[in-house]
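What follows is a short report on a single structure.
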Amino acid sequence: MGYVRGVNASSPGRIVLLTTSHRVAPGLLSWPAWQALHDADRVLCADGAHPQLPYLREAGVKVDEAASTAEELVDACAGGHTVTVVATGEGEPQLTDGLARLAGSGRVQMPDLELLPASYDLPGARLLDLVQVMDRIRAECPWSSQQTHKGLAKYGIEEAYELVEAIEEGDRHELREELGDVLLQVVFHARIAEEGRPEDGSEPFSIDDVAGGIVTKLIHRHPHVFGDETATTPEEVKAHWLRTKAAEKQRTSVTEGVPLGQPGLALAAKLASRVRTAGLEVPIPQGEGVGYELLAMAARAEADGVDPEAALRAAARAYRDAIRATEG
């Protein structure tokens, strides 16, 4: 049931504070919001550039561009009138504080007050804020505006390691912060890529291209979720993933796509994993020195389902603690 407009001389009226999200396309308002707008005796908005105004007027809603005080708004409601206020992006703190002071004074018959959210953020909507902030930083910050993919590469490595450390330490607060730092690297690189590099023929791409690419990949590699195939165990899911990945990449060697710049233990374990998954019989090379010993140990750990890199970090942390204990 919508609000039915009527005038009662003894009624203090009604104030509706309508809030909207700038992360949702203008005009996409809830049905109760449209009812409140059409039923109101007056609709006010202090921001003449509010993105909703063209759509409200197109829908036949008369909007007065005015910033009323709390006292003026209460007076406008006298006699049973309804005033709907379309809040600005920052909200209406001055107005709401003024209404609270009037209500607390006990000297004024206050109209009914209603906060009506007209649109809500969808999951992931705050990512739009990050894209906008990064765009402005890239344009206006003397340091950020000069950065390149190559120059930022070291920060991506550092942030990834800090994320791993937060996970291994079990620190939820740090985990959230480090995920944000890793996400920043993704958005930063995507923003740089928008500019392209005409001198070497590089085509520009955006964060939407990045997101679209990974969405397509995820859907294609999960036919048991988005297609007709079935998978009831993690092993079957992995088999689906490897099968579709092999069809996509069409690699001539299981070593293709293994980054040689990663830490040594992780590299050895990854190669051993590729060999085992492919069903190849490749003996571990024999040689002198600790490198070959570590290679054999990493391959054995991978076969046993142990991440040698994580295992060594855990042992190193224990060593660190022992050092600190000795130091007192």
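The values are calculated or read from the model by the stated rules, or taken from the named source; none is laboratory data. The shown structure was predicted, so the numbers you read here are calculated from the model rather than taken from an experiment. Cβ placement follows ideal geometry from the backbone for every residue including glycine, while neighbour counts extend to all protein chains displayed. With ligands, DNA and RNA removed, areas are computed over all heavy atoms of the protein, side chains included. Shrake-Rupley method; radii C 1.70, N 1.55, O 1.52, S 1.80 Å.
Among the listed pairs Lys154/Lys249; Lys238/Lys270; Lys150/Lys245; Lys154/Lys245; Lys150/Lys238, which are separated by more than 25 Å between their Cα atoms?
Values: Lys154/Lys249 27 Å; Lys238/Lys270 15 Å; Lys150/Lys245 28 Å; Lys154/Lys245 28 Å; Lys150/Lys238 33 Å.
From the list (Lys154/Lys249; Lys238/Lys270; Lys150/Lys245; Lys154/Lys245; Lys150/Lys238), the Cα-Cα distance tops 25 Å for Lys154/Lys249; Lys150/Lys245; Lys154/Lys245; Lys150/Lys238.
Given the -39500 (n - 2.57) contribution per DSSP H run of 4+ residues, what per-residue ellipticity at 222 nm results for the chain, rounded to the nearest 500 deg cm²/dmol?
On the way: 13 runs with 178 residues, N = 328.
The helix-only estimate for the chain comes to -17500 deg cm²/dmol at 222 nm.
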For Thr148, net neighbour charge (Lys/Arg +1, Asp/Glu -1) across residues whose Cβ lies under 11 Å away: +1
Estimated dipole of the stretch 143-231 in Debye, rounded to 20 [Cβ of Lys and Arg +1, of Asp and Glu -1, Cα centre]: 280 debye
Label zone at Ala316, where the point sits 7 Å out along the Cα-to-Cβ direction: the stretch 256-272 residues whose backbone N lies under 14 Å: 262-267
Within the accessible area of the stretch 221-310 (1.4 Å probe), percent carbon and sulfur: 58 percent
Potential extension, Glu236-Val282 segment - 0.36 nm per residue separation minus Cα distance: 14.1 nm
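Quick check: net charge around Glu256, other residues with Cβ under 13 Å of its Cβ, Lys/Arg +1 and Asp/Glu -1?
Numbers: positive: Lys245, Lys249, Arg251, Lys270, Arg274; negative: Glu248.
Counting the neighbours of Glu256, the net charge comes to +4.
Let me know the charge dipole size of the chain about its Cα centre in debye, to the nearest 20, where only the beta-carbon of Lys, Arg (+1) and Asp, Glu (-1) is charged. Mind showing how you got there, number by number?
Numbers: 32 positive and 51 negative charges, 105 e Å.
Dipole about the Cα centre, nearest 20: 500 debye.
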Additional length obtainable on full extension of the chain from Glu65 to Ile323, 0.36 nm per residue less Cα span: 86.1 nm
Peptides 235-242, 13-20, 91-98, 68-75 ordered by average Cβ neighbours within 10 Å, highest first: 13-20, 68-75, 91-98, 235-242
Qualifying trypsin sites (Lys or Arg not before Pro) for the stretch 72-158 [loop in DSSP, other Cβ within 10 Å: at most 15]: Arg107
Net lengthening on full extension, Leu128/Gln250 (0.36 nm per residue, minus Cα-Cα): 40.4 nm
Which of Gln35, Ala296, Gly104, positive extreme of dipole for the chain (C-beta unit charges): Ala296
Label of the coordinate-derived value, semi-axes √(5λ) of the Cα gyration tensor in Å, listed as [x] 59, 25, 21; [y] 63, 25, 23; [z] 39, 23, 16: [x]
Nearest-20 debye value, the stretch 269-328 charge dipole, Cβ charges on Lys, Arg, Asp, Glu: 200 debye
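Note down the net charge around Cys45, summing +1 for each Lys or Arg and -1 for each Asp or Glu among other residues with Cβ under 9 Å from its Cβ.
On the way: positive: none; negative: Asp47, Asp64, Glu65.
Counting the neighbours of Cys45, the net charge comes to -3.
Using a 1.4 angstrom probe on heavy atoms only, work out the carbon and sulfur share of the accessible area of the stretch 89-132 in %. Could the numbers behind the result be given before it?
On the way: 1780 of 3180 Å².
So the carbon and sulfur contribution to the accessible surface is 56 percent.
Roughly how many Å² is the accessible area per residue of the chain, as a whole number, for a 1.4 Å probe? Could the numbers behind the result be given before it?
Values: 21210 Å² over 328 residues.
In whole numbers, the chain has 65 Å² accessible per residue.
Run through the stretch 244-323 and list the trypsin sites (Lys or Arg not before Pro) located in a DSSP loop whose Cβ has at most 15 other Cβ atoms within 10 Å. Can you show the working numbers first?
Working: sites: Lys245, Lys249, Arg251, Lys270, Arg274, Arg276, Arg300, Arg313, Arg317, Arg320; in loops: Arg251.
Qualifying residues, ordered by number: Arg251.
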